[in-house]
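J.: One structure follows; several queries about it will come next.
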Amino acid sequence: MQIPLLFGPYGGGALAHAERLADYGVNAVWFHGFDADAFEACRRHNLAACVEFKTFRANFDERPELIPIGVDGQPIRYGRLVQGVCLSQEEFLEEVETALVEGVRTFQPTGIWLDYLTYAGWFETPAPDLQESCFCPSCIAEFCQATGIDADTPQAILAHHRDAWTRHKCERIAAFARHYGAIIRAHLPGCVVGAYMCPWRPDEFDGALRRIFAQDYSLLAPAIDVFTPLIYARKSGRAADWGRAFLESARDFVPADRHIQLILDVLDFPDSLEHVAASREPSWGIQLFGGASIFAEPDAARIFAAAVERMRAALGGP
Ligand SMILES: [Zn+2]
């Protein structure tokens, strides 16, 4: 399948400027959920409608049963940005699936980006609080059943079966990716399936990409057309060239036949975007988180347009 080259803001707020987005190189808008108004605005202005679909994220204050269990047998510590849930919560998983099925039956998005497709944690910070999870009895039983390993405590698992535990978590996430991808493709054969990713290389934070978030690019690749790491440099305490550095090293761990499309943060604009536009390894399109404000300012919007032009040229396209 040919994956379209898409550039634009993330956030339905940008559609307030829908009539002038195309003047600045924008051909797509990403927005949260299956939002009928956003679909209609995209249709009217000939913009590709792309959905960010929330998978494993919930308000833990309202749904405490979803909080994963940590190595001490207690619910994990969490902050405002936490994503991931206990994946043995069938009722919640049914809610997610129902929302996806309803969405793909009702709308025809150009793409659907699966968000929060991870085990629990949060990464938009320079000093992440990384905790192993989920060690609830059901998740431990699932591990034992899937692997044939006999271990009943977090301590036994981490002491003797750490690699198998990590692998099992990654396979569990990848199985959900396949399942959701299959639902999308069954209803919308041409729809791009994307995934938002923890933006860390596999070797950072002692392997936390797989060990904590259970995101394994190779295992996810069969289900995912476009990988979108969240390159929020300032929030993460990184330099403005982080996105470029990611792109230029990503082929060490992202399968060659899969596209990488960064999402950049408007707080890092324009430096981060300009670095990405100069990358030796181009990003397959770009999303700009919170980008609405850029398109209210012609000077800023022109910077975006120039970067898009440069990236299109680097990709050999029009
Ligand atoms: Zn669990």
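The values are calculated or read from the model by the stated rules, or taken from the named source; none is laboratory data. In this text the structure is predicted, and so the values were computed from the model without any measurement. Reconstructed Cβ throughout: ideal geometry from the backbone, glycine too, with neighbour counts over all protein chains shown. Each accessible area value is taken on the protein alone, full model and side chains, heavy atoms only, with ligands, DNA and RNA left out. Shrake-Rupley method; radii C 1.70, N 1.55, O 1.52, S 1.80 Å.
J.: Going by a ≥ b ≥ c, the root eigenvalues of the Cα gyration tensor, does the stretch 114-267 fall in the rounded group (a/c under 1.5), the prolate group (a/b larger than b/c) or the oblate group?
T.: Oblate.
J.: Just check the stretch 32-160 against the gyration tensor rule for me: Cα atoms, a ≥ b ≥ c as the square roots of the eigenvalues, rounded for a/c under 1.5, and otherwise prolate or oblate depending on whether a/b exceeds b/c.
T.: Details: a/c = 2.80, a/b = 2.07, b/c = 1.35.
Taking the square roots of the gyration eigenvalues as a ≥ b ≥ c, the stretch 32-160 is prolate.
J.: Here's something else I'd like to know. Against the longest principal axis of the chain, how steep is helix 298-314, in degrees 0 to 90 to the nearest 10, with axes from Cα atoms?
T.: So the helix axis and the longest Cα principal axis differ by about 70 degrees.
J.: Amide H of Met197: which non-local residues (sequence gap of 5 or more, or other chain) have their own amide H closer than 5 Å, using H built in the peptide plane?
T.: Residues meeting the amide H criterion: Thr228, Leu230.
J.: For the chain, which whole-number percentage of the solvent-accessible area (1.4 Å probe, protein heavy atoms only) is attributable to carbon and sulfur atoms?
T.: Working: 6540 of 13420 Å².
Answer for the chain: carbon and sulfur cover 49 percent of the accessible area.
J.: Near the amide H of Val192, under 5 Å away, which other amide H atoms are found, from residues 5 or more places off or on another chain, if H is placed in the peptide plane?
T.: When sequence neighbours closer than 5 places are left aside, the close amide H contacts are Gly111, Ile112.
J.: Here's something else I'd like to know. Which order do the peptides 123-132, 255-264 come out in when sorted by mean C-beta neighbours inside 10 angstrom, highest first? Walk me through the intermediate numbers first.
T.: Details: 123-132: 15.6, 255-264: 18.5.
Descending mean neighbour count gives 255-264, 123-132.
J.: Still on this model: For the stretch 131-180, which semi-axes, largest first and in whole Å, follow from the square roots of 5 times the eigenvalues of its Cα gyration tensor?
T.: Output for the stretch 131-180: semi-axes of 19, 11, 10 Å.
J.: Decide, for the stretch 71-124, between rounded, prolate and oblate: order the square roots of the alpha carbon gyration tensor eigenvalues as a ≥ b ≥ c, take rounded if a/c falls under 1.5, and otherwise choose prolate if a/b is larger than b/c, else oblate.
T.: oblate
J.: Suppose the Debye formula is applied to equal point scatterers at every Cα of the chain; what is log10 I(q)/I(0) at q = 0.07, 0.09 Å⁻¹?
T.: Results for the chain at q = 0.07, 0.09 Å⁻¹ read -0.27, -0.45.
J.: Of the listed peptides 81-93, 205-217, what is their order by residue-averaged count of other C-beta atoms within 10 Å, with the highest listed first?
T.: Sorting 81-93, 205-217 by mean packing, highest first, produces 205-217, 81-93.
J.: Using the Karplus equation 6.51 cos²θ - 1.76 cosθ + 1.60 (θ = phi - 60°), what ³J(HN,Hα) coupling, rounded to whole Hz, does each residue of the stretch 281-291 give in order, writing x for Gly and Pro?
T.: Ordered by residue, 3J(HN,Hα) equals 10, x, 7, 7, x, 8, 10, 10, 5, x, x Hz.
J.: For the stretch 23-34, take each phi angle, set θ = phi - 60°, evaluate the Karplus expression 6.51 cos²θ - 1.76 cosθ + 1.60, and give the result in whole Hz per residue in order, putting x for glycine and proline.
T.: Ordered by residue, 3J(HN,Hα) equals 5, 10, x, 7, 10, 8, 9, 9, 9, 7, x, 8 Hz.
J.: Determine Rg/Rh for the stretch 140-229; Rg is computed over alpha-carbon atoms and Rh is the Kirkwood hydrodynamic estimate from the same atoms.
T.: That ratio is 1.05, to two decimals.
J.: Each label point is 7 Å from the Cα along the Cα-to-Cβ direction; what then is the distance between the points at Glu95 and Glu274, in nm?
T.: Roughly 4.5 nm, to one decimal.
J.: Using alpha-carbon pairs under 8 Å, 6+ residues apart, how would you state the relative contact order of the chain in percent?
T.: With pairs under 8 Å counted, the relative contact order is 19 percent.
J.: Per residue, what accessible area does the stretch 189-269 have, given a 1.4 Å probe and all protein chains present, in Å²?
T.: Dividing the accessible area of the stretch 189-269 by its residue count gives 33 Å².
J.: Could you tell me how far the Cα centroid of the stretch 6-33 sits from the Cα centroid of the stretch 118-191, in Å?
T.: Between the Cα centre of the stretch 118-191 and that of the stretch 6-33, the gap is 34 Å.
J.: Here is a further query. Explain nothing, just the number: relative contact order of the stretch 92-241, from Cα pairs under 8 Å at least 6 residues apart, as a whole percent.
T.: 34 percent
J.: Output the relative contact order of the stretch 187-318, whole-number percent, from Cα pairs under 8 angstrom with separation of 6+ residues.
T.: On the way: 183 pairs, mean separation 27.6, N = 132.
With pairs under 8 Å counted, the relative contact order is 21 percent.
J.: Helix 137-147 versus the longest principal axis of the chain: what is the Cα-based angle in degrees, 0 to 90, to the nearest 10?
T.: 90 degrees
J.: For the pair Ala186 and Arg77, how long in nm is the line joining their label points, each one 7 Å along Cα→Cβ?
T.: Result: 4.2 nm between the two label points.
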